Structures are given as structure tokens and as C-alpha cells.
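Please read the structure below before turning to the comments.
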Amino acid sequence: MTNTLKDALLALPDLGATDGKPKTHKVLIYGSNGWVWEAYESEVVEGWHGPDIKCFGLVHGFEEELGYWVMSAITTVLNITTWTEIKEDEEKGEASSGLDCF
């Protein structure tokens, strides 16, 4: 996982912080298998091999499903090809995004 992806994920609200609220900031992670992870919340947790990032969001795979995942599992199994960070400008009501390929 690149530092820019890690930074984007850690800039998301903490787990549980957006329950019942609009999701104005998300990170989209595109896998080489065609799946997309849409992360709304995240926080650092202790993983099997040290610190990891636990995320909550929507997974677009065989089915769409809300749930939790840790980034080490995704980056170990899949070749993550791109990510997009989306923040909504609350004053203008517009979304802006940045794209980084790795």
C-alpha cells in the first residue's frame, strides 16, 4: 500500500463516526479482479503483523455489501491498480477527486 493511499484512508472519519449521516468523503479502491471497495470510515488497528487499517464501506463484487475489511488482506491477495479519493465541497455541493495509479 502506498503512503498516499494510506494517508487518504486515514483521513476518513473514524469507525462509527458517520452512522446515520451522509457520506461526504470516501476513498474508492479498484482491484484487478473488477471489484471496488468504497471506504467511508477507517482507523488503525493492531493486525497480525503490526498496525493495519480497518475500513467500513460498500464492496462492489459478486454482490454489493456493506461491511468491514482490513487493508492488509486486500493488498496481499489482490493487485490494487488504482484508487480515487472523493471529498464533497460542502459549500458548493460539488465533489472533487484525486487519482493516483500504482
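Observations
- The stretch 9-79 shape via C-alpha gyration tensor axes, a/c threshold 1.5: oblate
- Taking 7 Å steps out from each Cα toward its Cβ at Thr24 and Phe62 produces label points 3.8 nm apart.
- Taking other C-beta atoms within 10 Å as the exposure proxy, Ser32, Ser72, Ser42 rank Ser32, Ser72, Ser42 from fewest upward.
- For Thr76, Thr4, the sequence from fewest to most other C-beta atoms within 10 Å is Thr76, Thr4.
- Per-residue Cβ neighbour rank within 10 angstrom, fewest leading, Ile74, Ile29: Ile74, Ile29
- Sites Thr76 and Asp7, calculated FRET efficiency, Cβ-Cβ separation with R0 22 Å, nearest 0.05: 0.65
FYI, it's all coordinate maths here, none of it is from the lab. Everything numeric in this text was worked out from a predicted model, so none of it was measured. Neighbour counts are summed over all protein chains in view; Cβ atoms, including those assigned to glycine, are modelled from backbone coordinates with ideal geometry.
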